[in-house]
Amino acid sequence: MSVAFTKEGDSEAFAADLLDRPISPNPNLVTARGLAQLETWLADARAAYSAAQATGGVAEDRTAMARATRDLRFYAARRASAQLTEPAGPVDVVHFGQAVTFDREDGRRQTFRIVGEDEADPADGSVSYVSPLARALLGKTIGDTAMVAGGEVEIVSIA
């Protein structure tokens, strides 16, 4: 169809049909910090939804309303399914919620905290418990080695 035969609002209507954010099939384990983040994100989503409704021009800005609705659904579902999980078990064994420091073969020393999927931010030093790195480290103790990204690492501390 030629562009000449479309309504000006058609692109706005198309943009308003946003796909839902994917929800992980894994249990939604969260640390206390992760739960607080989810609550903040949910409050922000509620505020964005209210703001989109309050503008009164929902027909004029359907994309903002669709985005706010999608985010509200996502964060409400993630908050509803959140399972607060604190480190459990011996302190010298890597568990969910703990920070693990390890040495790589190339001499680098790295520390990552094992957290829930929504809380994970590798650039900030946290990885999801379902990540390959976390799976390789969970259950290990100081002095144990694990294969990570094709290389061997040795655990030097757990906190």
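The values are calculated or read from the model by the stated rules, or taken from the named source; none is laboratory data. In this text the structure is predicted, and so the values were computed from the model without any measurement. Please note: Cβ atoms are built from the backbone with ideal geometry, for glycine as well, and neighbour counts cover all protein chains shown. Note: accessible area is taken over every heavy atom of the protein model, side chains too, but ligands, DNA and RNA are not part of it. Shrake-Rupley method; radii C 1.70, N 1.55, O 1.52, S 1.80 Å.
Any idea which of (1) at pLDDT below 95; (2) open to solvent by less than 70 Å² (accessible area, probe 1.4 Å); (3) β-branched (Val, Ile, Thr) is the one Val3 doesn't satisfy?
(2)
In the stretch 56-106, which residues are hydroxyl-bearing (Ser, Thr, Tyr) and under 29 Å from Leu42 (Cα atoms)?
Quick first cut of the stretch 56-106, residues hydroxyl-bearing (Ser, Thr, Tyr) only: 63, 69, 75, 81, 85, 101.
Residues satisfying the conditions are Thr63, Thr69, Tyr75, Ser81, Thr85.
Does the stretch 60-110 hold any residues that are open to solvent by 70 Å² or more (accessible area, probe 1.4 Å) and either under 18 Å from Pro25 (Cα atoms) or out of contact with any helix residue (DSSP H, G or I) (no Cβ under 9 Å at 6 or more places or on another chain) (or both), and which are they?
First, the residues of the stretch 60-110 that are open to solvent by 70 Å² or more (accessible area, probe 1.4 Å): 60-62, 67, 73, 79-80, 83-84, 86, 90-92, 105-106, 108-109.
Passing the criteria: Arg73, Arg79, Ala80, Gln83, Leu84, Pro90, Val91, Asp92, Glu105, Asp106, Arg108, Arg109.
Pick from the stretch 32-59 the residues that are aliphatic (A, V, I, L, M) and surrounded by 14 or more Cβ atoms within 10 Å (Cβ to Cβ): which of them is modelled with the lowest pLDDT? It would help to see each step written out before you state the result.
Step one: filter the stretch 32-59 for residues aliphatic (A, V, I, L, M), giving 32, 35-36, 38, 42-43, 45, 47-48, 51-52, 54, 58-59.
With surrounded by 14 or more Cβ atoms within 10 Å (Cβ to Cβ) added as a condition, the list becomes 35, 38, 42, 45, 48, 52, 58.
Numbers: Leu35: 97, Leu38: 97, Leu42: 97, Ala45: 95, Ala48: 90, Ala52: 84, Val58: 53.
Only one residue fits best here, namely Val58.
Residue-by-condition table, conditions (1) in a helix (DSSP H, G or I); (2) within 30 Å of Glu152 (Cα to Cα); (3) touching a Gly at 6+ places or on another chain (Cβ under 8 Å):
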site	(1), (2), (3)
Leu35	yes, no, no
Asp44	yes, no, no
Ala52	yes, no, no
Thr69	yes, no, no
Tyr75	yes, no, no
Thr101	no, yes, no
Ile114	no, yes, yes
Val130	no, yes, no
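Six or more apart or on different chains, Cβ atoms under 9 Å: show the pairs whose first residue is in the stretch 133-159 and at pLDDT below 95 and whose second is surrounded by 19 or more Cβ atoms within 10 Å (Cβ to Cβ) and not in a strand (DSSP E or B).
Every condition considered, the pairs that remain are Val148/Leu133; Val148/Leu137; Ala149/Leu133; Ala159/Gln98.
How many residues, within the stretch 20-33, are part of a loop (DSSP other than H, G, I, E, B) and in contact with a helix residue (DSSP H, G or I) (Cβ under 7 Å, 6 or more places away or on another chain)?
At the first step, the residues of the stretch 20-33 found to be part of a loop (DSSP other than H, G, I, E, B) are 20-28, 31.
Retained after the next criterion (residues that are in contact with a helix residue (DSSP H, G or I) (Cβ under 7 Å, 6 or more places away or on another chain)): 20-21, 23, 28.
The number of residues fulfilling the criteria is 4.
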